[in-house]
Amino acid sequence: MRENQPIGIFDSGMGGLTTAKEIKRLLPNESVIYFGDSKHLPYGDKSKDVIIEYSEQITRFLIEKGCKAIVIACNTATSNALHEVKAIAESHKVPVYDVISPVAEKVAYAFNQNIGVIATKSTIASHIYRKSIRKLNKHIEVQELATPLLAPVIEEGFNNHAISEIVLRTYLNNKKLQNIDSLILGCTHYPLILNEVKQFYQNKIQVIDSPLIVANFIKHDLEKRKLLSNTSNSVYEFYVSDLNPNFARLAKKFFGSNINLETINLNNPIPALSNE
Ligand code: DGL
């Protein structure tokens with residue numbers, strides 16, 4: 001049964017686990033195959049062509065594994081390779097979800113007027129948040145700031161630490177962010193420093209909960225497509241291109257110690273799948 005096939009989720013590393021965790025919470029019957037491209041992290045400093053190449057490879061891998069839907073749980077891959085991932089997946093009738101459009105839609109119709117976005121260099125350079133939000137609501141101002149050190153700091157396990165605190169404080173004190181009323185954490189790694197961000201702002205601004213918004217959107221869309229799993233035998237499989245102990249720790253924290261975790265090399269280009 002197609003509806004009982006897993007949901008494929010990918011990111012450059014452990015950041016997408018924050019989205020995966022919320023999907024698991026809202027959709028406990030779903031099986032998940034997660035791919036973390038830790039060997040190539042950070043994506044945020046790479047060229048568009050390279051990000052497209054990695055994203056296409058991972059998409060083919062997840063489709064070959066039988067995934068019924070693909071979640072690009074990476075803002076950087078979304079801003080650079082959404083079109084290419086969709087082209088591959090949709091030729092196999094596999095829907096693609098990203099982590100930006102549901103958030104842009106949500107904030108465009110909320111009460112916020114001056115929204116800040118922090119994200120990788122590449123996501124900020126694409127202006128994808130500003131464009132997607134202002135396309136829906138021209139009255140909203142969007143201030144974008146690249147915060148490239150944050151993902152590597154988190155990936156190395158230095159969140160909730162003096163290092164993340166000083167890096168974050170330096171970024172959030174930037175004058176671009178001085179008059180914002182809400183902040184989008186535009187990188188899936190950043191929910192792992194959510195409490196530090198909230199502490200910095202002392203509740204004076206709203207910090208947008210992207211994983212919850214994204215997971216809710218996926219839940220409703222899968223429901224609409226009649227693709228929700230009807231069994232409770234959910235299985236969680238994790239693949240990484242390079243094993244980082246912090247990844248294993250976080251995956252187990254979010255999904256329990258009974259997960260399958262494997263290191264896999266996608267380096268040999270996976271040829272285009274038939275139908276593409
Ligand atoms: N987690 C990725 C994102 O949401 C980025 C981290 C990286 O630079 O690889 O953009």
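The values are calculated or read from the model by the stated rules, or taken from the named source; none is laboratory data. Just so it is clear, the model here is predicted, and its values are computed rather than measured. Heads up, the Cβs are rebuilt from the backbone with ideal geometry, glycines too, and the neighbour counts pull from every protein chain shown. Side chains included, ligands, DNA and RNA excluded: accessible areas come from the protein's heavy atoms. Shrake-Rupley method; radii C 1.70, N 1.55, O 1.52, S 1.80 Å.
Residues Ser126, Ser232, ordered by accessible area of protein heavy atoms at a 1.4 angstrom probe radius and largest first, appear as Ser232, Ser126.
Straight-line cross-link reach from Lys226 at under 15 Å between alpha-carbon atoms covers these aspartates and glutamates, not counting any fewer than eight positions away in the same chain: Glu3, Glu30.
Stretched out straight at 0.36 nm per residue, the stretch from Glu165 to Lys65 would grow longer than its current Cα-Cα span by 32.0 nm.
Remark: accessible surface ordering of Asp181, Asp242 (largest first) is Asp242, Asp181, probe radius 1.4 Å. Extending 7 Å from the Cα toward the beta-carbon at both Gln202 and Ala87 defines two label points whose distance is 5.1 nm.
Heavy-atom accessible surface of Lys46, to the nearest 10 Å², is about 60 Å², with a 1.4 Å probe and all protein chains retained.
For a test of the definition: using alpha carbon positions, the gyration tensor, and the 1.5 limit on a/c, classify region 228-267 as rounded, prolate or oblate. Cα axes put region 228-267 in the oblate bin.
Per the 1.4 Å probe, what fraction of the accessible area of region 27-98, in percent, lies on carbon and sulfur atoms?
Carbon and sulfur atoms account for 48 percent of the accessible area of region 27-98.
Under 1.5 on a/c is rounded, so check that first for region 105-261, then, if it is not, pick prolate when a/b is larger than b/c and oblate when it is not; a ≥ b ≥ c are the square roots of the alpha carbon gyration tensor eigenvalues. The shape class here is oblate.
What number results when the radius of gyration of region 29-145, computed over Cα atoms, is divided by 2.2 N^0.38 Å? This ratio for region 29-145 stands at 1.13. Couplings 3J(HN,Hα) of region 89-103, computed from phi: 5, 5, 5, 9, 6, 9, x, 10, 10, 10, 9, 9, 4, x, 6 Hz, in residue order, whole Hz [Karplus 6.51 cos²θ - 1.76 cosθ + 1.60, θ = phi - 60°; x for Gly and Pro]. Among Arg60, Arg134, Arg25, the order of accessible area from largest down is Arg25, Arg134, Arg60, computed with a 1.4 Å probe on protein heavy atoms. Each residue, Ser101 and Ser47, gets one label point 7 Å from its Cα in the Cβ direction; the gap between the two is 2.8 nm.
In the structure displayed, which of Lys68/Lys135; Lys24/Lys176; Lys21/Lys106; Lys48/Lys204; Lys21/Lys224; Lys93/Lys121 lie more than 28 Å apart, Cα to Cα? Result: Lys68/Lys135; Lys24/Lys176; Lys48/Lys204; Lys93/Lys121 exceed 28 Å.
Apply 1/(1 + (r/R0)^6) to the Cβ-Cβ distance of Asn195 and Lys175, taking R0 = 30 Å, and write down the FRET efficiency to the nearest 0.05.
In this case the efficiency is close to 0.75.
Identify the residues of region 90-105 with backbone N under 17 Å of a label point that sits 7 angstrom from the Cα of Asn216 along the Cα-to-Cβ direction, or state none. Residues 98-105 fall inside that zone. Counting only DSSP beta bridges whose two residues both lie in region 1-157, roughly 0 percent are antiparallel. Amide H to amide H, with H built 1.01 Å from N, Tyr239 comes under 5 Å of Tyr34, Phe35, Gly36, Glu262, counting only residues 5 or more places away or on other chains.
In the neighborhood of Leu145, defined by Cβ-to-Cβ distances under 15 Å, what is the net charge if each Lys or Arg adds +1 and each Asp or Glu adds -1?
Cβ neighbours under 15 Å give a net charge of +3.
Distance between the modelled labels on Leu136 and Leu26, one decimal in nanometres: 1.3 nm (7 Å Cα→Cβ projection).
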